[in-house]
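Novice: Structure provided below as structure tokens; questions to follow.
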Amino acid sequence: MASARIRLGVIGAGTMGSQHARNARRFVSACELAALQDLDRGRAERLAAELGGANGADGPAVLSSPEELIASSAVDAVLVAAPDAFHAELVLACLAAGKAVLCEKPLASSPEEALRLVEAEAGAGRRLVSLGFQRRFDPAHAALKALADSGALGRPLLWKGVHRNAKAAYDSSGAFILANSAGHDIDSSRWLLGAEVAEVSVRGLRSREELPESSRDLLLVQMIMADGRLASAELFVSADYGYEVSAELVGQRGSAATAQPDRVCLRSSGFRGSPVTSDWTAPFQEAYLAELAAWIETLRDGRVFPGASAWDGYAALAVSAAAAASLAEGKPRAVALVGKPRIYSN
Ligand SMILES: NC(=O)c1ccc[n+]([C@@H]2O[C@H](COP(=O)([O-])OP(=O)(O)OC[C@H]3O[C@@H](n4cnc5c(N)ncnc54)[C@H](O)[C@@H]3O)[C@@H](O)[C@H]2O)c1
């Protein structure tokens, strides 16, 4: 594949699929956006038209099914942005076709399902699956990682995360939030501390009466890493005022925290500060683009993707499942992982 443009097919043309397709078409020169597919064909056609395509023109073709897109000889690599429930079967189909796939998080619907993907990839003996934990490409998180690795903080001892949405996008039950949203925070803690999670403990509450009785839209997740270090995340999916993600590392000799990219300072009516958006796609646009560009470049150059792998997706889901059990039972839960296959050791 060296030096040729990678021909990309995108499955799912909703919020995330559209953002990735626009990034691929407009900003990633090593990539050719070759095909789009969505269960709602009209949605894929509108996106293709926006991006100068739809069959015949200079832009993406619209294909009829995920199977057709994955099998297409005009598609080298696949980006999966369909809903969570379809991820495992689509990734498995890409593995069977021998095509590289960047799957939006979560990797699958359960750790057991994710493990089947890990085993299939390890069995094939080469890394084809990459996962969209885009914080690893966010400039602020990457700076935090570089500081941790430089030794400037001494040994990092504690990771603290805050993850707030203005309104629950899909579902405000604790189990759903822990599987769908908390994956980012679990991955952040594993990546920034460089260790697996050994135990997790979760408490949650329903923040307002208008939410269903079963809602647990404010969650506190505490984790103990395999080497005894600590991590904690607050997830609040109906925080009302806006969308915000932050992380702090506390080390033996200092601490460092990310700052949202506050591009303007507003002064008005006795107030000085920065507006907070409720659009969750905006603060991470730079990260989504950097992730996609890095993935495409590694495919083109035959290198291993520096972002999250199928193993990271499996590990995150194992912690999510233990976290959901902890929330239901009101007590800490151990996290048990299988041995890590050698293809994930670098
Ligand atoms: N990395 C992140 O920060 C981030 C943020 C939000 C969502 N996500 C993930 O991205 C994925 C998509 O989320 P979204 O917010 O774009 O959802 P969305 O509802 O906006 O879009 C999903 C699209 O997939 C289509 N679709 C449904 N079933 C399909 C199928 N079987 N095959 C093909 N297309 C199908 C739908 O018609 C829709 O257009 C989810 O898995 C979600 O968890 C990731």
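The values are calculated or read from the model by the stated rules, or taken from the named source; none is laboratory data. Source: prediction; values computed, not measured. Reconstructed Cβ throughout: ideal geometry from the backbone, glycine too, with neighbour counts over all protein chains shown.
Novice: Output the residues belonging to region 181-219 that are surrounded by 17 or more Cβ atoms within 10 Å (Cβ to Cβ) and aliphatic (A, V, I, L, M).
Specialist: Ala182, Ile186, Leu192, Leu193, Ala195, Val197, Ala198, Val200, Val202, Leu218, Leu219
Novice: Answer with yes or no whether Leu39 is within 10 Å of the ligand (Cβ to nearest atom), in contact with a Ser or Thr (Cβ under 6 Å, 6 or more places away or on another chain), hydrophobic (A, V, I, L, M, F, W, C) and assigned by TED's automatic domain parsing to the domain that holds Glu113.
Specialist: no
Novice: Restricting attention to region 158-183, which residues are over 12 Å from Ser232 (Cβ atoms), in contact with a strand residue (DSSP E or B) (Cβ under 7 Å, 6 or more places away or on another chain) and within 11 Å of the ligand (Cβ to nearest atom)?
Specialist: The one that is over 12 Å from Ser232 (Cβ atoms), in contact with a strand residue (DSSP E or B) (Cβ under 7 Å, 6 or more places away or on another chain) and within 11 Å of the ligand (Cβ to nearest atom): Ser181.
Novice: While we're looking at this one, here's another question. Pro111 versus (1) more than 10 Å from the ligand (Cβ to nearest atom); (2) more than 18 Å from Leu178 (Cα to Cα): which is the lone unmet condition?
Specialist: Looking at each condition in turn, Pro111 falls short on (2).
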